[in-house]
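**Q** My questions all concern the structure below.
The values are calculated or read from the model by the stated rules, or taken from the named source; none is laboratory data. Every value quoted in this text rests on a predicted model; they were computed, and no experiment measured them. Heads up, the Cβs are rebuilt from the backbone with ideal geometry, glycines too, and the neighbour counts pull from every protein chain shown. Just the protein is used for accessible areas: all its heavy atoms, side chains included, with ligands, DNA and RNA removed. Shrake-Rupley method; radii C 1.70, N 1.55, O 1.52, S 1.80 Å.
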Amino acid sequence: MPTPEFVHLHVHTAYSLLDGAIRIPDLLKRVQALGMPAVAITDHGTLFGVLDFYEKARAAGIKPILGCELYVAPGPRREKKGKGDNHHLVVLAQDNRGYRNLISLVTRAHLEGFYYRPRVDKELLHEHHEGLIALSSCLHGEVARRLLHDDPGAAEAAAREYAEIFPGRFYLEVQANDLPEQLKVNEALLGLAPRWGLPLVATNDIHYLKPEDARAHDVLLCVQTGKTVNSAGRMKFHTDQLYLKSAAEMARAIPHPGALAASGEIASRCEVTLDLGTTRFPVYPTGERSMDETLTARAREGLEARLRQAQARRHSDDEYRQRLEFELEVLTKMGFAGYFLVMADLIDQARSRQIPVGPGRGSAAGSLVAYVCGITDLDPLAYGLFFERFLNPERLSPPDIDVDFCFERRGEIIDYVSKLYGWQNVAHITTFGSLKTRQVIRDVGRALEVPYPEVDKIAKLVPEKLNITLEQSLQMEPRLRELKEANPTVAEILEIAATLEGLPRHASTHASAVVIADRPLVEYLPLYKGNKGELVTQFDMKGVERVGLVKFDFLG
């Protein structure tokens with residue numbers, strides 16, 4: 001019998017922070033090697049990695065299926081009691097509307113339902129169900145939990161409720177992880193699904209690429225939870241089967257052709273196309289004038305004022321006016337008038353409040369428009385600075401002006417922006433900390449219960465070089481190689497560290513970058529709350545720019 005076309009629909013990448021041990025490029029290479037046409041991303045509670053995954057998958061000729069493993073609160077999402085014992089539910093975007101609903105669900109889970117985890121509830125699922133395909137998830141899914149507790153009646157009730165929320169788009173997951181509890185759930189589902197009239201789909205809840213990565217993944221869980229491998233009652237997967245299996249391996253583990261084929265059928269139904277080519281500037285309030293007219297008028301008035309203030313100059317008034325008209329033509333043609341108006345307004349506000357502002361830095365100092373609008377205080381003609389270095393018609397990316405504000409009062413400017421453009425349209429930008437080489441060696445050693453002095457000795461052999469990798473360290477430092485060859489414990493630490501180094505460790509707020517949009521940000525990307533309650537994008541700085549939004553750097 002030929003193996004049915006199989007697609008992995010339940011996959012945790014490194015963006016399931018300190019839980020998934022799969023880098024996106026490595027995932028796609030493995031999928032290509034196995035000849036699979038598509039693969040999903042379903043990280044826990046966030047969409048941190050979906051944009052990077054989407055672009056890299058398409059470049060590799062693999063269909064990207066965008067999803068998330070949601071946490072579903074047992075009651076109302078705003079109710080915060082108990083220990084946060086949530087149900088898991090996998091949702092996949094079937095189309096662009098589904099992707100927008102996915103963004104809304106994940107964002108509201110963070111902003112409205114966060115309690116230990118970002119949580120949705122049944123009300124939100126009803127509200128944002130369109131365009132989404134749902135899978136019953138792992139042993140923490142509501143249906144599986146009821147079956148594990150030998151309550152098929154409650155399991156059926158839960159399954160039917162999800163089937164009503166997602167009509168014709170809800171599937172019961174049977175997983176190939178070889179856990180005794182999963183085998184019990186699989187057996188129950190294979191018998192009950194036909195009676196319930198609900199379809200099955202085979203998945204594998206992937207957390208790493210190959211069986212031999214299970215040990216490193218187990219250590220990663222210890223890093224996440226602050227435990228060691230021998231800690232009693234710690235979080236642990238008692239299997240090495242949560243890897244990216246081939247279609248043949250899945251068929252051996254789940255000999256149910258219909259469930260295997262359903263994965264390919266679901267993949268064929270998922271068609272999401274992201275608009276990544278349109279720049280969306282914030283709309284500066286200009287009254288009856290257009291933003292182009294407003295900028296042109298302000299720049300011309302500003303130039304005349306600057307010319308009146310200037311003392312001895314090497315260039316004539318006409319040279320300044322010609323340069324200004326050239327820059328204005330480029331700026332308005334490229335649609336960047338709004339950006340300059342926003343920046344000029346921010347500087348005006350800071351000065352009116354007597355908040356110290358820097359004179360300008362970087363390539364922005366090459367713009368005469370920036371100078372005459374008060375954004376910078378450097379005359380580019382006087383210093384021979386080129387506008388083209390800052391912006392030219394061949395450069396498609398938005399301009400980038402870094403502005404220094406007094407660090408003690410920088411927050412006032414951000415508050416002003418939020419009030420002017422609407423809090424839903426303004427957010428800080430996330431940045432990801434990673435498991436650096438020295439730190440990951442220490443983390444792994446602690447998890448393996450190796451005495452700190454011994455681990456510290458290993459870590460300190462890593463050469464002091466920016467962004468050095470463990471592989472490079474072993475090439476450059478003979479003492480590290482010798483220690484690895486002579487000591488099996490050191491060899492294990494370095495082997496696991498090599499598997500984990502570079503994985504994202506945590507998400508935090510970028511020190512200066514703020515995004516301002518023309519519409520509520522949730523229409524473009526997912527959001528979460530930072531440690532201080534600030535609104536933060538789930539895409540990093542490059543991701544924010546790729547979806548067409550414009551960042552502003554408010555440096556302290």
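**Q** Taking only region 18-38 into account, find how many residues are under 16 Å from A59 (Cβ atoms) and within 22 Å of the chain's Cα centre (by Cα).
**A** 10
**Q** Can I ask one more? Could you look through region 386-399, keep only residues that are assigned to a loop (DSSP other than H, G, I, E, B) and open to solvent by less than 60 Å² (accessible area, probe 1.4 Å), and pick out the one that is modelled with the highest pLDDT?
**A** Filtering region 386-399 down to residues assigned to a loop (DSSP other than H, G, I, E, B) leaves 386, 391-399.
Cutting the leftovers down to open to solvent by less than 60 Å² (accessible area, probe 1.4 Å) gives us 391-392, 397-399.
On the way: L391: 78, N392: 74, S397: 67, P398: 68, P399: 70.
Top of the filtered list is L391.
**Q** If you don't mind, there's one more thing I want to ask. Which of the following residues is modelled with pLDDT under 90, touching a strand residue (DSSP E or B) at 6+ places or on another chain (Cβ under 6 Å) and open to solvent by 30 Å² or more (accessible area, probe 1.4 Å): R313, R361, R308? Give the steps one after another, and end with the answer.
**A** Numbers: R313 fails: touching a strand residue (DSSP E or B) at 6+ places or on another chain (Cβ under 6 Å); R308 fails: touching a strand residue (DSSP E or B) at 6+ places or on another chain (Cβ under 6 Å).
It is R361.
**Q** For region 165-204, name all the residues that are of a type in the set (D, E, K, R) and within 17 Å of A267 (Cβ to Cβ). Don't jump to the end; show me each part of the working.
**A** Applying the first criterion (of a type in the set (D, E, K, R)) to region 165-204 yields 169, 173, 178, 181, 184, 187, 195.
R169, E173 - these are the residues of region 165-204 that are of a type in the set (D, E, K, R) and within 17 Å of A267 (Cβ to Cβ).
**Q** Hey, could you check region 464-507 for residues that are of a type in the set (G, A, S) and open to solvent by 40 Å² or more (accessible area, probe 1.4 Å) and say which is nearest to F432 (Cα to Cα)?
**A** Within region 464-507, the subset of a type in the set (G, A, S) is 473, 486, 491, 497-498, 502, 507.
Checking the rest, the ones that are also open to solvent by 40 Å² or more (accessible area, probe 1.4 Å) come to 486, 498, 502.
Values: A486: 35, A498: 19, G502: 11 Å.
Only one residue tops the list, namely G502.
**Q** How many residues does region 329-363 contain that are free of Cβ contacts under 8 Å to residues at least 12 places away in the same chain and within 30 Å of T278 (Cβ to Cβ)?
**A** Within region 329-363, residues that are free of Cβ contacts under 8 Å to residues at least 12 places away in the same chain and within 30 Å of T278 (Cβ to Cβ) number 1.
**Q** Same structure again: Can you work out which of the residues in region 283-323 that are of a type in the set (S, T, N, Q) and over 43 Å from the mean Cα position of the chain (by Cα) is farthest from K333 (Cα to Cα)? Steps first, please.
**A** Going through region 283-323, the residues of a type in the set (S, T, N, Q) turn out to be 286, 290, 294, 296, 309, 311, 316, 322.
If we keep only those that are over 43 Å from the mean Cα position of the chain (by Cα) as well, we get 309, 311, 316, 322.
Working: Q309: 30, Q311: 33, S316: 26, Q322: 17 Å.
Here the residue is Q311.
**Q** Which ones in region 199-230 are of a type in the set (G, A, S) and open to solvent by less than 30 Å² (accessible area, probe 1.4 Å)? Full working, then the answer.
**A** First, pick out the residues of region 199-230 that are of a type in the set (G, A, S): 202, 214, 216, 226.
Across region 199-230, the qualifying residues are A202, A214, A216.
**Q** Can I ask one more? Please enumerate the residues belonging to region 412-462 that are over 30 Å from D345 (Cα atoms), open to solvent by less than 20 Å² (accessible area, probe 1.4 Å), touching a residue at least 24 places away in the same chain (Cβ under 8 Å) and part of a helix (DSSP H, G or I).
**A** Selection gives T437, V440, I441, D443, V444, G445, A447, V455, I458.
**Q** Hey, can you tell me all the residues within region 125-173 that are assigned to a helix (DSSP H, G or I), surrounded by 22 or more Cβ atoms within 10 Å (Cβ to Cβ) and either hydroxyl-bearing (S, T, Y) or within 26 Å of the chain's Cα centre (by Cα) (or both)?
**A** The answer is Y162, and nothing else.
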